[in-house]
1. Which of the listed residues, 211, 278, 181, is farthest toward the dipole's positive end in the stretch 159-302, when Lys, Arg count +1 and Asp, Glu count -1 at the beta-carbon?
2. Using the alpha-carbon centroid of each, what span in Å lies between the stretch 232-299 and the stretch 109-183?
3. Please compute the Kirkwood hydrodynamic radius over the stretch 45-167, one decimal place, Å, based on all pairs of different Cα atoms.
4. Give me the angle, in degrees from 0 to 90, between the Cα long axis of helix 209-221 and the longest principal axis of the Cα atoms of the chain, rounded to the nearest 10.
5. Round to a whole angstrom and tell me the spacing of the C-alpha centers of the stretch 184-208 and the stretch 60-85.
6. Quick one: pull the percent of accessible area on the chain belonging to carbon and sulfur, 1.4 Å probe, ligands and nucleic acids left out.
7. With the convex hull built on the Cα atoms of the stretch 121-231, state its orientation-averaged projected area in nm².
8. Helix 247-258 against the longest principal axis of the chain: what's the angle in degrees, Cα atoms only, rounded to the nearest 10?
Amino acid sequence: HPCIVIYSAIMTESDSDLLLAPWQGPLGGLPPLDRATPAAIERAYHRALAMRDAEIAAIAADPRPACFDTVIAALEDSGRALRRIDAVRQVHATTRASAEMRAVNERIAPLAAASDDALAHDARLFARIETVAVDADRLPPEERRLTLHVRNRMVRRGARLDAAGKARFRDLGARIAALQARYHANLVAEQDVLAVEVETPDRLDGLSDAVRADAAALAMKRGRSGGFAFGATRPAVMAVLQHAGDRSLREQVWRMWNGRGANSGPHDNRPIVNEILGLRRELAGLIGYPSYAAFACADRMAG
């Protein structure tokens, strides 16, 4: 099969190069998740950011007249490598989140937000976008919609703020991104701690043999040989909530799942949530919104 030949040929490249390359195979291909080590993801992410920043810098400095093709379409086409590596990062940060991957994710998750802010605050780039947006009514409907969306996206990232406002916006964005990465890391780390333990199989009516085997294996891992344990992972939780006949077991598992991040200890997300809420309120105020809810809904609601 030709796709297998192509994939075999690029397997000789370094892992970070492979993560940045277009995915091979039909229907857009599949990401090379088997080669995506935490270290390779981090290296590739830094390179992809630099590539995207260089692409957008070229758009800002383009000597050609600003028009839909040279500005808006070019912006939408930029950052393909970054989108690919970010998809891989998100998979590993959620489903293969080792301690090393959690540390890597906390380091790189804020980088894209900081880069987006810096690009939105590039006066040359925003001037070219505004030039296209001024004449947006002359564009076909699809191009007009995209042009105004790109312009508004830049405004929402602080493109029209003064120098002090832009600096504060960047500080807020960086802090929020770092807190969000820590919040997510806490949820993932807590999966290794939380579990509902069951001593006897008579409470497992309705659950499949595969689910029971997984629960027995987790109990063994937790040092409870002969029992069963359901961890705070979506497959285990959904299996119990959908199929377990024991109502009290369903309630225990639901309370465990619903209470993630709100347990005292090293993975307590409540202080993080409180800080994020305060920072979001300030960020929305900088852009002229009365609340973060108004800010978040402004580009998502029909107006």
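1. Among 211, 278, 181, the one farthest towards the positive end of the dipole of the stretch 159-302 is 278.
2. 27
3. Radius from the Kirkwood sum: 15.7 Å.
4. 90
5. 47
6. Solvent-exposed carbon and sulfur of the chain make up 56 percent of the total.
7. That works out to 12.6 nm².
8. So the inclination is approximately 30 degrees.
The values are calculated or read from the model by the stated rules, or taken from the named source; none is laboratory data. Remember, predicted model here, so these are calculated numbers, not experimental data. Neighbour counts are summed over all protein chains in view; Cβ atoms, including those assigned to glycine, are modelled from backbone coordinates with ideal geometry. The area values use the complete protein model at the heavy-atom level, side chains included, leaving out ligands, DNA and RNA. Shrake-Rupley method; radii C 1.70, N 1.55, O 1.52, S 1.80 Å.
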